[in-house]
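The values are calculated or read from the model by the stated rules, or taken from the named source; none is laboratory data. This structure is a prediction, so every number in the text was calculated from the model and none was measured. Here the Cβ is made from the backbone with ideal geometry for all residues, glycine too, and neighbour counts use every protein chain on show. To get the accessible areas, we keep the full protein, side chains included, count just its heavy atoms, and leave off ligands, DNA and RNA. Shrake-Rupley method; radii C 1.70, N 1.55, O 1.52, S 1.80 Å.
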Amino acid sequence: MELSLLLMEKILSMACMALVGWVAAKTGVIRQGGAAVLSAFCLYIICPCVNIVAFQVDRAPDTQTGLLVTLAAAVGVHLTYLLLTGLLAKPCRLDAVEQGSLIYSNAGNLIIPLVTALLGREKILYACAFRVIQTPLMWVHYPRLLRPEAKTDWLKLLRNPNILSVGAGLFLFFSGLRLPGIVSGAVESISDCMGPVSMFNIGLMMAEIDWGILLGSVRSWLIALGRLVLYPLVFILLTAATGVTARLPGAGEWLLITLLACAAPVAVNVAQMAEISGGDGPRAGAVVALSTLLSILTMPLMALLYQIIC
């Protein structure tokens, strides 16, 4: 219960940052189009720095075990979510944006600063394990949902700063190498911007949404609740069924971080990539905004349920 209350407090604090962005857009302090600039800055500069910093930790036995457990959990989660969404797609008539909204969570922009605030910077590693799986999958799978005829540009994918930074981070972790002091300080300072910049950017995007249309869309509510309640509940039940938290010391905390990633709102990239690829960007942005607001209540509840069941 204490963790859930602390989680709610941190999410509300981050929601206040988003409110600042919303006010800045509504008052004209930030002009229209500012969200796109901040999105690019966050996606291609801050996120890669976070990935590298996360792996700059000592390669202790417990740390390695935790990384392997969270990586395995992330693989299992995404395979389960892909299968579940595939089963729901036809009977529920889910389009590409809705499928992407259910599968891909805001495991970076929201979870990494949240884990840092709750559990400390050294635990970011386990949050990044989720992104190690989600990032390449999202860049390969989701664009093909949006444009089935499109072919994957593997060379372009490998040049993506997010993919490169994950590879660099894993190399530094397993080799035991560390960035030079000056470079490390600069990279850490940039990575510390993740929480405020991401939430400010979400506020800017919320300012461009027609809330009357959003709140009146039953389908948007169902997709948001599916992402925030149904999908993390599947992870909780699977974790409880394996009994891993009782058998493996430390697994409870490691998989709690994975649960937070599973229970996070829809990934901002779902809307950004839909906009770029000719999908329904505004509707995707609306679901991102709605799920972000609802997560203030649902994420603490999911964390509490995980602690009770697992």
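Some points to look at:
- Accessible area in square angstrom per residue, the chain, 1.4 angstrom probe: 45
- Qualifying trypsin sites (Lys or Arg not before Pro) for segment 130-214 [loop in DSSP, other Cβ within 10 Å: at most 12]: Lys151, Arg159, Arg178
- Cα radius of gyration and Dmax for segment 2-305 (Å): 18.4, 55
- With an a/c value of 1.5 or above and a/b larger than b/c for the gyration tensor axes a ≥ b ≥ c computed over the alpha-carbon atoms, segment 106-145 is described as prolate.
- Cα gyration tensor shape for segment 163-310, rounded if a/c is under 1.5, else prolate or oblate: oblate
- Distant-in-sequence amide contacts of Ser105, defined by a placed amide H-H separation under 5 Å and a gap of 5 or more residues or a different chain, comprise Ala267.
- Length-normalised contact order of segment 2-305 in % [C-alpha pairs under 8 Å, at least 6 apart]: 34
- Percent of alpha-carbon pairs separated by more than 11 Å within segment 64-111: 71
- For the residues Ile236, Ile308, a 1.4 Å probe over the protein chains yields an accessible-area ranking, largest first, of Ile308, Ile236.
- Converting phi to 3J(HN,Hα) with the Karplus coefficients 6.51, -1.76 and 1.60 and the offset θ = phi - 60°, segment 128-141 yields 5, 4, 5, 6, 4, 8, 5, 4, x, 4, 5, 6, 9, 7 Hz in sequence order, with x at every glycine or proline.
- Segment 2-305, accessible surface, carbon-and-sulfur percent (1.4 angstrom probe): 69
- Global geometry of segment 1-132, whether rounded, prolate or oblate, following the gyration tensor of its Cα atoms and the 1.5 cut on a/c: oblate
- Computed helical MRE - 222 nm, the chain, DSSP H runs ≥ 4 contributing -39500 (n - 2.57), nearest 500: -24000 deg cm²/dmol
- Using R0 = 41 Å, the C-beta based FRET efficiency linking Ile308 and Val23 works out to 0.60.
- Each of Trp22, Trp139, Trp154 has its accessible area taken with a 1.4 Å probe; listed largest first, they run Trp154, Trp22, Trp139.
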